[in-house]
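Engineer: My questions all concern the structure below.
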Amino acid sequence: MPRPTPAQITYGSATIVFSTLAMLLLSQTRSGIGIAVIAVAALALGLFVAVAFPAPRAGSRRPRVPRQHTSLPTESRLSEHSLHG
């Protein structure tokens, strides 16, 4: 299994934090068992988001295309003088 990318770790962690806060605020639970259930559900959701986030494939990067210069040819640049008006 490939290692997770920093983006996958970030999205998974953010999902865990925000879903835990949302579920705790919405459920208004105060029991230890309820908080544990919410924590486990948030961890499962964060893991799902991290795994579902597409990881870059090794061959999917496009090759870099060199830029073509559109400047004037050297001869025309040399014949222009900024001191002569």
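The values are calculated or read from the model by the stated rules, or taken from the named source; none is laboratory data. If you're wondering where the values come from, they're calculated on a predicted model, not measured in any experiment. Cβ coordinates were reconstructed from backbone atoms using ideal geometry, including for glycine residues, and neighbour counts include every protein chain displayed. Accessible surface areas use protein heavy atoms only, side chains included; no ligands, DNA or RNA. Shrake-Rupley method; radii C 1.70, N 1.55, O 1.52, S 1.80 Å.
Engineer: Considering only residues that are closer than 26 Å to Y11 by Cβ and open to solvent by 90 Å² or more (accessible area, probe 1.4 Å), look in segment 21-36 and name the one that is nearest to the chain's Cα centre (by Cα).
Structural biologist: The residue in question is L21.
Engineer: Here's another thing I want to ask about it. Out of the residues in segment 16-34 that are touching a helix residue (DSSP H, G or I) at 6+ places or on another chain (Cβ under 7 Å) and part of a helix (DSSP H, G or I), state the one that is nearest to P2 (Cα to Cα).
Structural biologist: Our first condition is that a residue be touching a helix residue (DSSP H, G or I) at 6+ places or on another chain (Cβ under 7 Å); within segment 16-34, this holds for 16, 19-20, 23-24, 27, 29, 34.
Within this subset, residues satisfying the condition of being part of a helix (DSSP H, G or I) are 16, 19-20, 23-24, 27, 34.
Details: I16: 21, S19: 26, T20: 27, M23: 31, L24: 33, S27: 36, G34: 34 Å.
Looking at residues that are touching a helix residue (DSSP H, G or I) at 6+ places or on another chain (Cβ under 7 Å) and part of a helix (DSSP H, G or I), I get I16.
Engineer: Take the residues in segment 1-15 that are of a type outside the set (V, I, T) and assigned to a loop (DSSP other than H, G, I, E, B); name whichever of them is surrounded by the fewest Cβ atoms within 10 Å (Cβ to Cβ).
Structural biologist: Our first condition is that a residue be of a type outside the set (V, I, T); within segment 1-15, this holds for 1-4, 6-8, 11-14.
Going one step further and asking which of them are assigned to a loop (DSSP other than H, G, I, E, B), we end up with 1-4.
Details: M1: 4, P2: 8, R3: 7, P4: 15.
Checking each candidate, the answer is M1.
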